[in-house]
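The values are calculated or read from the model by the stated rules, or taken from the named source; none is laboratory data. Just so it is clear, the model here is predicted, and its values are computed rather than measured. Here Cβ is always computed from backbone atoms with ideal geometry, including for glycine, and neighbour counts include all displayed protein chains. Only protein heavy atoms, including side chains, enter the accessible area calculation; ligands, DNA and RNA are left aside. Shrake-Rupley method; radii C 1.70, N 1.55, O 1.52, S 1.80 Å.
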Amino acid sequence: MSTEYDAATTLDVQGENCPMPVVKTKGATDDLQPDEVLEVLATDSGSMSDIKGWADTTAGVELVDQIESEQDGEDVYKHYVRKTE
């Protein structure tokens, strides 16, 4: 469990490319209870715009934050998505 945003669960889609980060994020948010946060770890730079676009156009979810960091010399994109209903 992540403490950065008190995520209920973490979805690791590192190494996967579009559209899988969004597809798997949608599936994982379906399993959340309202107000729970999902942390998504991705290495696909396109996930920054893809997950934002998905969250902006999907009822019942809110993109809380996106963070770009480096882990073991590789860029990692962290997305925090809250289920709102």
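Once the Cα atoms are used to define both axes, helix 20-30 deviates from the longest principal axis of the chain by about 30 degrees. Solvent-accessible surface of the chain, taken per residue with a 1.4 Å probe and all protein chains present: 55 Å².
Rounded to the nearest 20, the Cβ-based charge dipole of the chain about its Cα centre (Lys and Arg +1, Asp and Glu -1) stands at 300 debye.
What part of the accessible area of the chain, given as a whole %, is carbon or sulfur when the probe is 1.4 angstrom? Intermediate values should be presented prior to the final figure.
On the way: 2030 of 4690 Å².
Its accessible area is 43 percent carbon and sulfur atoms.
Antiparallel versus total DSSP beta bridges in the chain: what percent is that, nearest 5? Write out the running numbers ahead of the final one.
Working: 16 of 20 bridges.
Antiparallel bridges make up about 80 percent of those DSSP assigns within the chain.
Show that you can apply the helix-only estimate: for the chain, add -39,500 (n - 2.57) for every DSSP H stretch of four or more residues, divide by all residues, and state [θ] at 222 nm to the nearest 500.
Working: 2 runs with 21 residues, N = 85.
So the helix-based figure for the chain works out to -7500 deg cm²/dmol.
Helix 47-56 axis versus longest C-alpha principal axis of the chain: approximately 10°, rounded to the nearest ten. A cut-off of 5 Å between modelled amide H atoms, ignoring neighbours fewer than 5 places along the same chain, links Val64 with Tyr80, Val81, Arg82.
Under 16 Å from a point placed 7 Å out from the Cα of Thr84 along the Cα-to-Cβ direction: which residues of the stretch 21-48 have their backbone N that close? In the stretch 21-48, the label zone of Thr84 (backbone N under 16 Å from the point 7 Å along Cα→Cβ) covers 29-30, 33-38. One chain, two ends: Val23 and Asp6. Fully extended at 0.36 nm per residue, the span grows by 3.9 nm beyond their Cα-Cα distance. Each principal axis of the Cα cloud of the chain was evaluated for its coordinate range; sorted largest first, these ranges are 37, 26, 17 Å.
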